[in-house]
Amino acid sequence: MAELVISVTSNLVSKLGEYLIAPIGRQFGYVLCYTSNVQDLENGVEKLEIARERVQHSVEEAVCDGKPIHTDIKKWLDSVENKVNEAQNLLKQGESANNACFRGWLPNPMVRHPIGRKVKKMTRVIQELYDETANNNFQKVYYENRPKGIVTPTTSTVRSIDKKEDVLESRASITEEVMKALADDKICVVGVYGPGGAGKSKLLEDIEKRVKKEKLFDGVAIANVSRNPDLKTIQGEIADALGLKLMNVETVRGRADRLCEKLERDHEKKILIILDNLWKKLELKDVGIPCGDDNKVRGCKLLLSSRNREVLRIGMVSDREFRLNELDDAEARRLFERITGDKVYDSEFEPLVDGVVKNCGGLPLFIISLAKRLRSGKLAAWRNALTIQGSDLKSLVELNYNDLKDERIKSLFLIYALSYRRISLRDALIYCLGLGLFNNFSKTIEDARDRLIMDLDCLQDSSLLLDSDVTEVIRMHDIIVDVAISIASTEWNALVGKEDCGFKKWSKDELRECAVISFPQVNIDELPEKLDCPNLRMFLLYESNPSLKIPESFFESMEKLQVLDLTGLSITSLPSSIQFLKNLESLCLDYCHLEDVTILGKLKALQFLSLVRSTIARLPKEIGELIELRFLDLTGCTRLKDIEPGVLGSLINLEELYMANGFDKWEAEDEESQSNASLTELKNMNKLRTLDIGIPHSSYLSRDLPFGKLNKYKIQIGGVWDWSGEYKESRTLKLKLDSGNLLLEDWVQRCLQRTQDLHLDELQDGNDSIHNLCVKGFQQLKNLHVQNSASLQCILPFTDNVHCTIFTTLESLFLKNLQNLEYIFGGYLGRKSLDKLKIVKMDNCGKIKRLFPWSMMKKFLRLEEIEISRCHLMKHIIVDAEVDEDGDEIDDDSKEVKLCNLHRLALRNLPEITSFCKTMDHSVDFFDGQQVCDMRIICFLRSCAWILYMIV
């Protein structure tokens with residue numbers, strides 16, 4: 001008994017010591033150990049700041065390479081900044097504790113205790129943040145978007161080949177032969193050769209789609225080599241397809257080394273590189289493709305095309321070559337009939353068909369071009385086609401050119417050819433506007449762009465451009481390029497540089513008379529001291545030779561010059577003679593290694609200035625003198641850190657401003673002494689209609705910004721976003737809502753109404769649904785991304801018997817890290833709500849238990865993809881109201897729903913999932929009409945450890 005009393009007493013004393021003495025000692029410790037605790041905090045802050053600097057350097061390097069940063073890294077950097085500031089403020093408060101009693105000789109416990117307690121707590125927080133850097137997540141601060149050339153088990157490639165074209169036996173048979181050769185492990189290099197216009201490029205494009213579809217390779221890249229190979233462009237096309245960023249690698253040699261390292265490092269992967277349109281031997285080592293001394297590729301496969309078999313067999317050391325022959329008469333006629341339609345059976349035209357087709361020489365390019373021309377042609381046009389001798393495509397191109405009724409469209413055709421197919425829609429717009437081609441009927445750049453697209457469509461209809469989406473890529477066949485240059489040489493006295501044939505080959509008279517000079521990557525070594533070209537209106541110089549310099553007097557005698565493109569040059573500053581270009585309206589200095597652009601302030605007539613990915617670090621005040629400027633592109637200028645205050649505000653006629661992935665060092669408008677640009681300057685741009693801009697913090701925003709008037713925009717607010725990924729929509733808005741007042745701004749509300757692609761991060765407390773964020777509703781929203789918002793409970797709240805019509809244009813929904821999300825849509829939806837929804841992806845949404853109620857399934861008939869991961873309470877994807885555990889009664893008589901468009905379903909890490917569809921009497925058809933019963937899905941899930949991954 002005594003032992004029991006002693007034991008109980010001992011335990012009681014121990015507990016009393018634990019609960020009374022220890023806390024009391026801890027409180028005294030805050031005072032007695034105050035100095036050492038402060039020192040620990042100072043040391044911890046110092047260590048953490050060093051760690052932050054290291055991580056920040058990695059982030060900046062990744063951002064410069066265009067790589068997206070992991071969200072947890074961004075949040076860690078934000079937390080460190082906030083906590084370090086709090087710690088430093090706390091240490092400043094602590095300094096007062098030293099002077100609180102007897103002038104610092106004795107500590108004042110009443111002052112030291114509360115500060116010491118906070119110091120101890122803050123030290124733990126600082127240490128925890130520092131310890132996070134030991135996590136493997138910090139070894140790589142960025143992630144890679146899946147490049148277009150990487151083939152994964154989920155890659156789904158829809159063939160764009162016209163089914164009718166598949167019946168051309170000659171093309172189908174050679175495709176099969178090439179596919180067999182590519183699958184043969186003993187063959188490394190496969191070549192296709194044949195005459196120009198036979199369809200080699202089309203064949204390679206179709207094979208690219210097929211090898212991706214059949215997943216024969218882990219990665220596929222395709223590049224157009226052309227007559228004058230641009231190694232940087234070829235390297236870029238291959239690197240982009242395989243996920244290698246070469247943005248910050250300036251020299252061709254350096255890019256080749258990086259690409260070669262990438263391909264050799266991935267030697268276990270099967271890589272196919274397609275090089276189209278070789279005119280001569282291409283040194284693979286110069287591109288960065290691993291090879292031996294004999295130019296034989298190593299470690300990957302090549303698929304090549306050329307007009308000349310010797311280029312393939314000798315220059316590229318091919319293992320197999322296949323000739324793509326002209327179409328025989330029967331196939332040529334079928335192709336011709338397919339385009340002209342029933343007209344070939346008209347008694348008036350039928351006798352002429354065989355003769356017209358025979359004159360095309362079996363070349364698909366010629367056949368398609370002529371068939372389009374004759375489709376709506378009269379009898380005279382058909383008879384005239386009989387006079388075209390052999391496969392004289394030049395005559396047909398000239399006929400099509402002469403048939404163009406508008407001189408503007410003719411000029412556009414020649415401009416494109418003179419650029420040697422290297423320009424985008426944007427470049428073509430800058431050139432045409434600089435030459436004044438749209439002055440008569442376009443008041444704005446937007447009007448001109450619309451007219452340009454219509455003109456390009458006209459050129460396609462006339463078979464002068466290859467078929468493609470002109471807003472993405474503009475393509476012209478080499479044969480047509482040659483004819484167009486011949487026409488431009490006659491009509492414009494155009495001069496086109498070639499290798500070993502440049503300024504020295506041209507006479508003084510030729511130079512004085514010419515209106516256009518073009519040097520499309522012909523590797524010239526030097527420019528003349530002065531170029532006497534008084535009639536020159538457009539000068540295009542695409543060069544990547546780092547040693548090429550522009551003499552100071554070079555531009556003195558070009559007073560009529562309107563368009564100047566110096567893409568890719570390495571020049572510290574522009575020559576002083578550029579100031580004599582008083583009529584210059586369009587200037588492109590893209591990818592230039594350029595430091596000083598002060599002299600551009602002299603070009604008072606300049607309206608279009610492009611500095612895409614140039615190396616400028618400063619935009620001087622002189623740029624503000626370009627008050628006629630309508631277009632300014634600073635995309636990718638990652639070194640641009642300083643824009644003189646007032647420069648942007650002076651550009652009052654600016655219609656389009658592009659600053660994506662570049663300058664973001666905005667200053668608040670209330671800064672006492674400004675040294676950089678502020679957003680308030682944009683208020684002066686009353687004509688601004690297009691804007692790409694990144695703003696790292698909402699505190700830089702001023703009131704009444706003109707963003708609500710924009711027709712096109714990519715606006716990012718907050719430090720969590722990056723510029724990676726595709727921007728398919730005209731209006732994209734990314735908001736980090738760290739300020740509750742941001743959504744109250746009028747310009748934000750106006751943008752939300754018209755935004756097509758919306759990204760939201762960190763919704764503030766009180767914002768429990770997305771629908772309530774925009775007062776007048778999301779009227780044009782196509783894609784909605786919401787992340788990292790603990791307060792969000794639903795996308796659309798429940799309504800009492802009120803049919804609410806919302807999200808009528810929404811096509812995709814992405815939800816991530818929404819810990820309190822309970823359901824997506826509630827209440828009664830109007831008839832057109834969500835009718836266009838195709839994609840739903842959800843990740844780490846903690847409270848949600850089901851994705852859709854049965855009653856809403858008829859609205860989701862267009863669903864194509866469902867992907868759910870890490871939703872730990874998710875039980876069902878679809879729940880029938882009659883068995884819904886929440887007890888919501890919904891009257892629905894429908895017994896069957898067909899999700900026939902659903903082709904991808906991915907369920908990952910869902911520990912509570914019990915079924916795909918929990919129903920009583922209903923059934924769901926999906927995966928193209930294949931009915932899957934509830935129990936089969938449950939069994940499949942269980943057999944796969946709760947992971948369902950289905951691809952059709």
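Return the residues of the range 478-515 that are modelled with pLDDT under 85, over 39 Å from the mean Cα position of the chain (by Cα) and within 27 Å of SER395 (Cα to Cα); say none if nothing qualifies.
none
Only one of LEU370, LEU425, LEU412 is open to solvent by less than 10 Å² (accessible area, probe 1.4 Å), modelled with pLDDT of 80 or more and within 35 Å of the chain's Cα centre (by Cα). Can you tell me which?
Values: LEU370 fails: within 35 Å of the chain's Cα centre (by Cα); LEU425 fails: open to solvent by less than 10 Å² (accessible area, probe 1.4 Å).
Exactly one residue qualifies, and that residue is LEU412.
Looking only at the range 330-356, filter to residues that are in contact (Cβ under 8 Å) with a residue 12 or more places away in the chain and not in a helix (DSSP H, G or I); which one of those is most open to solvent (accessible area, probe 1.4 Å)?
GLU348
For every residue, the table says whether it meets (1) farther than 22 Å from ARG426 by Cβ; (2) surrounded by fewer than 18 Cβ atoms within 10 Å (Cβ to Cβ); (3) without any contact (Cβ under 8 Å) to a residue 12 or more places away in the chain.
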| residue | (1), (2), (3) |
| --- | --- |
| LEU464 | no, no, no |
| ASP467 | no, yes, yes |
| ALA484 | no, no, no |
| SER489 | yes, yes, yes |
| LYS498 | yes, yes, no |
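With respect to the numbered conditions (1) in contact (Cβ under 8 Å) with a residue 12 or more places away in the chain; (2) open to solvent by 30 Å² or more (accessible area, probe 1.4 Å); (3) in a loop (DSSP other than H, G, I, E, B); (4) closer than 24 Å to GLU811 by Cα, which one is the sole condition not fulfilled by GLU726?
In the conditions (1) in contact (Cβ under 8 Å) with a residue 12 or more places away in the chain; (2) open to solvent by 30 Å² or more (accessible area, probe 1.4 Å); (3) in a loop (DSSP other than H, G, I, E, B); (4) closer than 24 Å to GLU811 by Cα, GLU726 misses (1) alone.
Please tell me if LEU634 is buried (at least 20 other Cβ atoms within 10 Å of the Cβ), modelled with pLDDT of 90 or more and closer than 20 Å to ILE599 by Cβ.
Numbers: buried (at least 20 other Cβ atoms within 10 Å of the Cβ): yes; modelled with pLDDT of 90 or more: yes; closer than 20 Å to ILE599 by Cβ: yes.
In short, yes.
Picking from GLN749, GLN780, GLN753, GLN764, which residue would you name as being more than 24 Å from ASP843 (Cα to Cα), assigned to a loop (DSSP other than H, G, I, E, B), of a type outside the set (Asp, Glu) and open to solvent by 10 Å² or more (accessible area, probe 1.4 Å)? I'd like the intermediate steps shown before the answer.
Details: GLN749 fails: assigned to a loop (DSSP other than H, G, I, E, B); GLN753 fails: assigned to a loop (DSSP other than H, G, I, E, B); GLN764 fails: more than 24 Å from ASP843 (Cα to Cα).
That would be GLN780, the only listed residue that is more than 24 Å from ASP843 (Cα to Cα), assigned to a loop (DSSP other than H, G, I, E, B), of a type outside the set (Asp, Glu) and open to solvent by 10 Å² or more (accessible area, probe 1.4 Å).
Test LYS378 against the stated conditions and say whether it is open to solvent by 30 Å² or more (accessible area, probe 1.4 Å), closer than 18 Å to SER462 by Cα and in contact with a Ser or Thr (Cβ under 6 Å, 6 or more places away or on another chain). It would help to see each step written out before you state the result.
Values: open to solvent by 30 Å² or more (accessible area, probe 1.4 Å): yes; closer than 18 Å to SER462 by Cα: yes; in contact with a Ser or Thr (Cβ under 6 Å, 6 or more places away or on another chain): no.
Taking the combined requirement at face value, the residue does not satisfy it.
Please go through the range 299-329 and pick out each residue that is in contact (Cβ under 8 Å) with a residue 40 or more places away in the chain and among the charged types (D, E, K, R).
Of everything in the range 299-329, those that are in contact (Cβ under 8 Å) with a residue 40 or more places away in the chain and among the charged types (D, E, K, R) turn out to be LYS301, ARG307, ARG309, ARG313, ASP319, ARG320, GLU321, ARG323, GLU326, ASP328.
With respect to the numbered conditions (1) open to solvent by 70 Å² or more (accessible area, probe 1.4 Å); (2) of a type in the set (Ser, Thr, Tyr); (3) at pLDDT 80 or above, which one is the sole condition not fulfilled by SER156?
(3)
When you scan the range 672-708, how many residues do you find that are within 30 Å of ASP450 (Cβ to Cβ) and surrounded by 15 or more Cβ atoms within 10 Å (Cβ to Cβ)? Working first, answer last.
Taking the range 672-708 as the starting set, the residues that turn out to be within 30 Å of ASP450 (Cβ to Cβ) are 679, 681-695, 704-708.
Filter once more, keeping what is surrounded by 15 or more Cβ atoms within 10 Å (Cβ to Cβ): 679, 681-685, 687-695, 705-708.
Selection size over the range 672-708: 19.
Would a scan of the range 501-513 turn up a residue that is touching a Phe, Trp or Tyr at 6+ places or on another chain (Cβ under 9 Å) and either open to solvent by 50 Å² or more (accessible area, probe 1.4 Å) or within 30 Å of THR598 (Cα to Cα) (or both)? Even if it seems obvious, please write down each step before you answer.
Kept after step one, since they are touching a Phe, Trp or Tyr at 6+ places or on another chain (Cβ under 9 Å), are these residues of the range 501-513: 502, 511.
Subset that is either open to solvent by 50 Å² or more (accessible area, probe 1.4 Å) or within 30 Å of THR598 (Cα to Cα) (or both): 511.
Yes, because at least one residue in the range 501-513 is touching a Phe, Trp or Tyr at 6+ places or on another chain (Cβ under 9 Å) and either open to solvent by 50 Å² or more (accessible area, probe 1.4 Å) or within 30 Å of THR598 (Cα to Cα) (or both).
Return the pairs, sorted by first residue and then second, in which the second residue is open to solvent by 30 Å² or more (accessible area, probe 1.4 Å) and modelled with pLDDT of 80 or more, the first residue lies in the range 30-48 and is of a type outside the set (Val, Ile, Thr), the beta carbons are less than 6 Å apart, and the residues are 6+ apart or on different chains.
ASP40/THR123; LEU41/THR123; GLY44/THR123; GLY44/GLN127; LYS47/TYR130; LEU48/TYR130
Return the only residue of GLY694, GLY708, GLY719 being part of a loop (DSSP other than H, G, I, E, B) and touching a residue at least 12 places away in the same chain (Cβ under 8 Å). Show your work before the answer.
Numbers: GLY694 fails: part of a loop (DSSP other than H, G, I, E, B); GLY708 fails: part of a loop (DSSP other than H, G, I, E, B).
Within the list GLY694, GLY708, GLY719, the selection yields GLY719.
When the residues of the range 514-543 are narrowed to those that are touching a residue at least 60 places away in the same chain (Cβ under 8 Å) and either assigned to a loop (DSSP other than H, G, I, E, B) or open to solvent by 80 Å² or more (accessible area, probe 1.4 Å) (or both), which ends up nearest to LEU584 (Cα to Cα)?
Residues of the range 514-543 that are touching a residue at least 60 places away in the same chain (Cβ under 8 Å), as a first pass: 516, 518, 520-522, 537-538, 540, 542.
Okay, now just the ones that are also either assigned to a loop (DSSP other than H, G, I, E, B) or open to solvent by 80 Å² or more (accessible area, probe 1.4 Å) (or both), so 521-522, 537.
Numbers: GLN521: 23, VAL522: 25, ARG537: 9 Å.
Of everything passing the filter in the range 514-543, ARG537 is nearest to LEU584 (Cα to Cα).
When the residues of the range 573-602 are filtered to those that are closer than 16 Å to SER553 by Cα and outside any helix (DSSP H, G or I), which remaining residue is most open to solvent (accessible area, probe 1.4 Å)?
LYS582
So which residues in the range 279-318 are at pLDDT 90 or above, in a strand (DSSP E or B) and of a type in the set (A, V, I, L, M)?
Scanning the range 279-318 gives LEU302, LEU303, LEU304.
The values are calculated or read from the model by the stated rules, or taken from the named source; none is laboratory data. Small disclaimer: the values here were computed from a predicted structure and weren't measured. Backbone-built Cβ (ideal geometry, glycine too); neighbour counts: all protein chains shown. The accessibility values were calculated without ligands, DNA or RNA, using every heavy atom of the protein model including side chains. Shrake-Rupley method; radii C 1.70, N 1.55, O 1.52, S 1.80 Å.
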